[in-house]
Amino acid sequence: MDINPEIRDRIINAAERLYDEANRERLPTVDQVRRAARADMHATSIVMREWRRQQTARPASVTVDVPERVQEVMRGIVATVWREAQDLANESLTIAKQAWEIERAEADTLRAELAEAYEQQVQELESCKRQLADAREEIDRLNAELEQMRERVAEAREEAARLTGQLEACQQQNKELMAVLTPQA
């Protein structure tokens, strides 16, 4: 019997929907599908018979050993791929080693330059410390001399004040003597 493709699609869609609603645990009945698809019983029976066959026909998996020729070809391919991978890895290792050697040489050069610069700075610092110590000693010596000179100036002032006092006293005596010696007119 030839069933209208539209009716066939409605019946199959209704069967699939009902089967999904049952969590694919039990197949829907012809009557349930007929009502859901709104189709006649005869067409529904024919389409449902085909649909059930499709649902229950499960393909069985067949286990076949890989033929020896295929295994040999695969071993050859794997060996070739493995050699290529090793070559690439060795090239990468060589490049990385060269880069590391260059970096290490640069680091050694930089370390030597830093060490030399540090030593120069240490020498300059020591020289500055010595110059500072010498300058402080010179300042201390000059301050001591200045203090001695201040003491001498103070002593000289005292002596000058004493001598000035003596001079004034002498001048006073001289005036008095002149007054005595000079006849009064």
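One table, with the values for the structure above:
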quantity: Condition broken by R24, with the remaining ones in (1) open to solvent by 100 Å² or more (accessible area, probe 1.4 Å); (2) part of a helix (DSSP H, G or I) satisfied; calculated: (2)
quantity: Within the stretch 34-57, tally of residues that are of a type outside the set (V, I, T) and touching a residue at least 24 places away in the same chain (Cβ under 8 Å); calculated: 9
quantity: Which numbered condition I12 misses (of (1) part of a loop (DSSP other than H, G, I, E, B); (2) touching a helix residue (DSSP H, G or I) at 6+ places or on another chain (Cβ under 8 Å)); calculated: (1)
quantity: Any chance V180 is at negative phi, outside any helix (DSSP H, G or I) and exposed (fewer than 10 other Cβ atoms within 10 Å of the Cβ); calculated: no
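This table checks each residue for (1) surrounded by 10 or more Cβ atoms within 10 Å (Cβ to Cβ); (2) assigned to a helix (DSSP H, G or I); (3) under 32 Å from the mean Cα position of the chain (by Cα).
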| residue | (1), (2), (3) |
| --- | --- |
| V47 | yes, yes, no |
| D65 | no, no, no |
| R75 | yes, yes, no |
| A79 | yes, yes, no |
| R83 | yes, yes, no |
| E91 | yes, yes, yes |
| A96 | yes, yes, yes |
| E106 | yes, yes, yes |
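The values are calculated or read from the model by the stated rules, or taken from the named source; none is laboratory data. The model shown is predicted, which means the values in this text are computed figures rather than measured ones. FYI the Cβ positions are ideal-geometry reconstructions off the backbone, even for glycines, and counts take in every protein chain you see. These area figures cover heavy atoms from the full protein model, side chains too; ligands, DNA and RNA do not enter into them. Shrake-Rupley method; radii C 1.70, N 1.55, O 1.52, S 1.80 Å.
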